[in-house]
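> Structure incoming, see below.
The values are calculated or read from the model by the stated rules, or taken from the named source; none is laboratory data. As the structure is a computational prediction, the values presented were derived from the model and not from experiment. Every residue, glycine as well, gets a Cβ built from its backbone with ideal geometry; the counts of neighbours run over all protein chains shown. We work out accessible area using only protein heavy atoms, side chains counted, and drop any ligands, DNA or RNA first. Shrake-Rupley method; radii C 1.70, N 1.55, O 1.52, S 1.80 Å.
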Amino acid sequence: MGKTTLARVVYSMISDQFEACSFVADVREVCKKYGILQLQQKLLNDLLILGDMKVKDVDNGVYMIKNRLRHKKILLIIDDVNELDQLNKLGAKHDWLGPGSRVIITTRDVKLLKTQKVDGIYEAEVLSNDEAFHLFNSKAFDKEHPTKDYLELSQAFVHYANGLPLAIEVLGSLMNGRSTSEWKVN
């Protein structure tokens, strides 16, 4: 299971224990396209449940997160972070949130988590190449090994999925029953 999928599962399992919750997805991509302000806006709208709150600028967003959330027990998931500044501007600080609050961060960069001095780090495990190949084939062919025509294509899909079980399952299921020419298009 990948980092984001695992975070979503945890979110759905524990969200009822908090006054308010926010899952801020695809931080890296959204910041690149639209900037951090849009994410601050989403976070505040999710957690304050005020409808369409307008944040003037990034500094105003930091101020609002810091002052309006410090008395609330919230669950905040910040997904796919790639810069420390993103964490600092989205409220991933212990003293910004109310007692009992939890922040879950997904990232490919463990150094960000260490710099932020998080309470714990869980590294999502990936499958070995053999395990990934076996899983992919069970989904794509309903058996352990592909026919000769599909061997190289199967290996390419497994390599693309990079050992992430959910990605392997989705790709395998998607390709099930398709011809080699359809595989090459995808």
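> Whose amide H sits under 5 Å from the amide H of residue 101, counting only residues 5 or more places off or on another chain, with H placed in the peptide plane?
74
> Here's a follow-up. Which distance in nm do the two modelled labels at residue 170 and residue 66 give, with both placed 7 Å along the Cα-to-Cβ direction?
3.7
> Can you give the net charge of the other residues whose Cβ lies under 14 Å from the Cβ of residue 60, counting K and R as +1 and D and E as -1? Mind dumping the intermediate values first?
Details: positive: 54, 56, 66, 68, 89; negative: 57, 59.
Summing Lys and Arg as +1 and Asp and Glu as -1 gives +3.
> If you don't mind, another one. Return the subset of 3/184; 3/54; 143/184; 33/89; 89/114 for which the Cα-Cα distance in this structure is over 19 Å, preserving the input order. Working shown, then result.
On the way: 3/184 28 Å; 3/54 30 Å; 143/184 21 Å; 33/89 17 Å; 89/114 17 Å.
Checking Cα-Cα distances, 3/184; 3/54; 143/184 exceed 19 Å.
> Let me ask you something else. When the accessible area of the stretch 77-136 is computed with all protein chains present and a 1.4 Å probe, what percentage of it is carbon and sulfur? Could you put the intermediate results ahead of the total?
On the way: 1670 of 3590 Å².
With neighbouring chains kept in place, the figure for the stretch 77-136 is 47 percent.
> Using a 1.4 Å probe, what is the accessible area per residue for the stretch 90-129, in Å²? Don't skip to the answer; put the middle values down first.
Values: 2770 Å² over 40 residues.
Averaged over the residues of the stretch 90-129, the accessible area is 69 Å².
> Please give the contour-minus-distance gain from residue 115 to residue 149: 0.36 nm per residue of separation, less the Cα-Cα distance, rounded to one decimal in nm.
On the way: separation 34, 0.36 × 34 = 12.24 nm, distance 4.86 nm.
Going from the current span to full extension adds 7.4 nm.
> What do you get for Rg/Rh over the stretch 62-186 if you use C-alpha atoms and the Kirkwood form of Rh? Don't jump to the answer; show the numbers that get you there.
Working: Rg = 20.8 Å, Rh = 17.3 Å.
That ratio is 1.20, to two decimals.
> Between residue 88 and residue 33, take the C-beta separation as r, use R0 = 22 Å, and let me know the FRET efficiency to the nearest 0.05.
Numbers: r = 20 Å, r/R0 = 0.90.
Efficiency for this residue pair is about 0.65.
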